[in-house]
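Down below is the structure, laid out as structure tokens.
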Amino acid sequence: MPVPLLDLRAQHSLIRDEVVAAMMKVVDDQLFILGAPVQQLEEDVARLSRTKHAIGCASGTDALLLALRALDIGRGDEVVTTPFTFFATAGTIHNVGARPVFCDIDPDTFNMVPAAAAAACTSRTRAIIPVDLFGQMAPLEAFASLTPGVPVIEDAAQTIGASRAIGGQRVMAGERATIGTFSFFPSKNLGAWGDGGMMVTQDDALAARLRRLRVHGGMQMYHHDEVGYNSRLDALQAAVLRAKLPHLHHWSAARRANAAYYTSSFADVPEVRTPVIDPANESIFNQYTLRVERRDDLQAHLKARGIGSAIYYPVPLHRQPCFEYLGYREGAFPESERAAREVLSLPVYPELTSAQLDEVVGAVRAFYGR
């Protein structure tokens, strides 16, 4: 039985009519740039993330770029982040003229170690970007307390709707960061029908600047306070996302149920290490990522049986050719490098059937002779 890594058509078949109706409302109104759909989605996301402001933009990558610009980070500055993440996190630091400074990850959660981030800070550090990897939040409270006065940009591209217990309260992804950034890439838990992103903040001045920066640096047409970007969230994409948003909670619950089934099914397979979720976190399982022995052989075995899988991420950022100028050598971040050799993500999307789950479990167990 084929089991794709992600089946967007399965989701689409269940919500097609409501999404198409929302898009056609934009088409009929012929108002495609910003406007009511984007403003309404911003209000929805601000409510979900418990922030005062949400500002839509063209992609999750642009959300990071605009956040860095809004904090006046540029040439000569340093930004501390993880080498075990998608390229955009460090790429945007480079693209504003700053220098990415990496620190290693926790081997259990794959998220940055706060003490390592603090040790990587220098007098030139102007921000820290912890990444909420695979659906669970990084310990935001620790980064803020270890590096007082240094802004925290939460790369929450994989955690919209996730939460964490901080000080006896449930805190949402994006809520406690100086600026939180979301991605609406189609494969995300809340995915558009193309690119899209959003920034959230509690800070009025930062929100105003982010709104300027996304429209060429000015809020009044043909008047520009600074040089900005053309990074507006498309109204059609906002309509798609608003139609999907009411489903996000139960989609995330279904992902957690699928993850729990996998975890229990692999409990007696010593070659497989299932995801470790920080007890403070409620993960939304953007990915279900194992550490496994003979990873590449297992992936080939799954492919032969028609089962999708992916490696997030095969090459840590400090080993990418484009970042050779940073001077890091092999072995600089051993946990990130070990993770890159061992991780494999399995299908976890909400529409998986019990038969498909069993197919994946059976294939993994068979590979290890279980």
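Just so you know, all these numbers are worked out from the coordinates, no wet-lab data involved. Being a predicted model, the structure only gives us computed values, none of them experimental. Don't worry about glycine lacking a Cβ; one is built from the backbone with ideal geometry, like all the others, and counts go over all protein chains shown.
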Dimensions in Å of the range 194-258 - Rg and Dmax from alpha carbons = 16.1, 51
Treating the Cα atoms of the range 25-108 as identical point scatterers in vacuum, please give the log10 of the normalised Debye intensity I(q)/I(0) at q = 0.12 Å⁻¹, two decimals.
-> -0.52
With all distinct Cα pairs included, what does the Kirkwood hydrodynamic radius of the range 8-246 come out to in Å, to one decimal, could you say?
-> 18.0 Å
Value in Å of the Kirkwood radius, where the range 48-92 supplies the Cα pairs that are averaged | 12.1 Å
Which listed residue (Pro83, Val26, Phe102) has the Cα farthest towards the positive end of the charge dipole for the range 18-150, taking +1 on Lys and Arg C-beta and -1 on Asp and Glu C-beta about the Cα centre?
-> Phe102
Cβ-placed point charges (K, R +1; D, E -1), dipole of the chain about Cα centre in debye, nearest 20 = 100 debye
Hey, what did the chain get for relative contact order, percent, Cα under 8 Å, at least 6 apart?
-> 23 percent
Report, ordered by chain and residue number, the lysines lying within cross-link reach of Lys303, taken as a straight Cα distance under 29 Å and ignoring same-chain residues fewer than 8 apart.
-> Lys188
Based on DSSP, what percent of beta bridges with both residues in the range 24-132 are antiparallel, to the nearest 5?
-> 10 percent
Along the charge dipole of the range 155-291, Cβ charges K/R +1 and D/E -1, which of Gly174, His247, Thr289 sits furthest on the positive end?
-> His247
Sort all Cα-Cα distances of the range 1-148 into consecutive 10 angstrom bins from zero, then give the percent of pairs in each bin up to the one containing the longest distance.
-> 10, 27, 31, 20, 11, 1
In whole µm²/s, the translational diffusion coefficient that Stokes-Einstein assigns to the range 248-367, given a Kirkwood hydrodynamic radius over C-alpha pairs, 25 °C and 0.890 mPa s, equals 157 µm²/s
Could you tell me what percent of the DSSP beta bridges with both partners in the chain are antiparallel, to the nearest 5?
-> 65 percent
Any idea how far apart Ala36 and Ser264 come out in nm if each label point goes 7 Å out from Cα toward Cβ?
-> 4.7 nm
Estimated distance in nm for a label pair at Ala205 and Arg329, the labels positioned 7 Å out from Cα along Cα-to-Cβ = 4.4 nm
Can you work out the base-10 log of I(q)/I(0) for the range 288-336 at q = 0.16, 0.24, 0.27 1/Å, using the Debye formula on its C-alpha atoms alone?
-> -0.61, -0.91, -1.02
What's the exposure ranking of Ile73, Ile33, Ile129, Ile105, going from fewest to most Cβ atoms within 10 Å?
-> Ile33, Ile73, Ile105, Ile129
Want the number for Cys322 to Arg124: 0.36 nm per residue separation, take away the alpha-carbon distance, what's left?
-> 69.1 nm
At what distance in nm do the modelled label points of Ser187 and Arg75 sit from each other, each positioned 7 Å from its Cα along Cα→Cβ?
-> 3.6 nm
Largest-first semi-axes in Å of the equivalent ellipsoid built from the Cα gyration tensor of the range 89-158 are 18, 15, 11
Quote to one decimal, in nm, the extra length available between Gln220 and Asp44 on full extension: 0.36 nm per residue of separation minus the C-alpha distance between them.
-> 60.9 nm
Value at 222 nm in deg cm²/dmol, rounded to 500, when DSSP H runs of n ≥ 4 in the chain each add -39,500 (n - 2.57) | -11500 deg cm²/dmol
